Amino acid sequence: MTEQQRTSDEGVLTRIGQARMLLHGGDREEARNRLGTLWQQLGPDGDPLHRCTLAHYLADAQDDPDTELAWDLRALSAAEGLEDGRLAAHDSAAALRALYPSLHLNLAADYAKLRRPDAARAHLDRARAASDTLDDDRYGQGVRAAIDRLDRRLREG
């Protein structure tokens, strides 16, 4: 990665982080606006990790479950956008792989909200299978716990 790419990468990540703080602070509309602007600026050929991260947070900023699902599907599509050859050479390959359990978990939760239990179960199974790539750290433990909670909810519902 060149110095210019690294600087650009840091700028995008900073802007994503700022919008994320707005989102977690309760200003969903402003977060949605900033993330949407950044999504437009990146365009379809933007870095897949950035596109995946943006779509993931855009999903979280939605009020409508169908729109949330659409953004979560975009996040998964962006993650899958790296072909195997490029994935091995991409600096963010490990980060993308670590996102798959969360991406499938989010899709499972979306489908559960939309009362589509078969689709929810399919993505929950993918999330559980992909969770093998997670470290045994706070993030990995949190994702695994969320998978278990949604699994219980689906079995009870």
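The values are calculated or read from the model by the stated rules, or taken from the named source; none is laboratory data. Computed from a predicted structure; not experimentally measured. Here Cβ is always computed from backbone atoms with ideal geometry, including for glycine, and neighbour counts include all displayed protein chains. We work out accessible area using only protein heavy atoms, side chains counted, and drop any ligands, DNA or RNA first. Shrake-Rupley method; radii C 1.70, N 1.55, O 1.52, S 1.80 Å.
Protection proxy ranking, highest mean first, for peptides 60-67, 28-35: 28-35, 60-67, where packing is the per-residue count of other beta-carbon atoms within 10 Å, averaged. Phi-derived couplings, Karplus 6.51 cos²θ - 1.76 cosθ + 1.60 at θ = phi - 60°, listed residue by residue for region 67-73: 5, 4, 4, 4, 5, 5, 5 Hz, with x used for Gly and Pro. Spatially, region 125-157 and region 97-111 are offset by 9 Å when compared through their Cα centroids. Annotation: per residue accessible area for region 5-56 equals 57 Å², rounded to a whole number [probe 1.4 Å, protein chains only]. From the Kirkwood radius over Cα pairs of region 6-81, Stokes-Einstein at 10 °C and 1.306 mPa s returns a whole-number translational diffusion coefficient of 131 µm²/s.
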